[in-house]
Amino acid sequence: MKVQDFRTDEYIDRELVMVKVAVDSKARAEVMQITDIFRAKIVDVQPKSLTIEVTGNESKVEKFLTLMKNVRILDLTRTGKVALPRR
């Protein structure tokens, strides 16, 4: 295993979040619209829940999760920040 500090050089970072939210017929449309705006993906559809995959920088992920607080979050998992150098 190797750890490299990118803070002194240019780098690209991303985070992956998968979130399962409870939905009814009204909330489903709202969640789908927010998902589309953030270019996230719905990866599983159930009668009472949607599972969404969102990737991006930390700011994008936080904004998405803030909007998801209007619906009930059933489960959530995050990778944390991953990065590669630009060079």
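The values are calculated or read from the model by the stated rules, or taken from the named source; none is laboratory data. Values in this document were obtained by computation on a predicted structure and should not be read as measured data. Quick reminder, even Gly has a Cβ in these numbers, built from the backbone with ideal geometry, and neighbours come from all protein chains shown. We work out accessible area using only protein heavy atoms, side chains counted, and drop any ligands, DNA or RNA first. Shrake-Rupley method; radii C 1.70, N 1.55, O 1.52, S 1.80 Å.
The table below gives the values:
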item: Sparse-neighbour loop sites [chymotrypsin sites (Phe, Trp or Tyr not before Pro); segment 1-41; at most 15 other C-beta within 10 Å; DSSP]; result: 6
item: Of all accessible heavy-atom area on the chain, the percent that carbon and sulfur account for (1.4 Å); result: 51 percent
item: Cβ-Cβ FRET estimate between residue 77 and residue 27, R0 fixed at 22 Å, reported to 0.05; result: 0.55
item: Interchain or long-range residues, amide H under 5 Å from residue 76's placed H; result: 20
item: Cα-based helix-to-principal-axis angle, 58-68 vs the chain, degrees rounded to 10; result: 10 degrees
item: Residue-normalised accessible area of segment 3-87, given per residue in Å² at a 1.4 Å probe; result: 71 Å²
item: Between 0 and 90°, nearest 10: helix 25-37 axis offset from the chain longest Cα axis; result: 20 degrees
item: Pairs of lysine residues in the chain - Cα separation under 16 Å, sequence separation of 8 or more or cross-chain; result: 11
item: Rg(Cα)/(2.2 N^0.38 Å) for segment 20-68, N = residue count; result: 1.07
item: Relative packing of 47-58, 67-78, which averages over residues the other C-beta atoms within 10 Å, highest first; result: 47-58, 67-78
item: Over the chain: helical MRE at 222 nm, DSSP H runs n ≥ 4 each giving -39500 (n - 2.57), nearest 500; result: -8500 deg cm²/dmol
item: Structure-derived log10 I(q)/I(0) by the Debye sum over Cα atoms at q = 0.17 Å⁻¹ - corresponding label in (1) -0.69; (2) -0.90; (3) -0.77; result: (1)
item: Relative contact order %, the chain, counting alpha carbon pairs below 8 Å whose residues are six or more apart; result: 48 percent
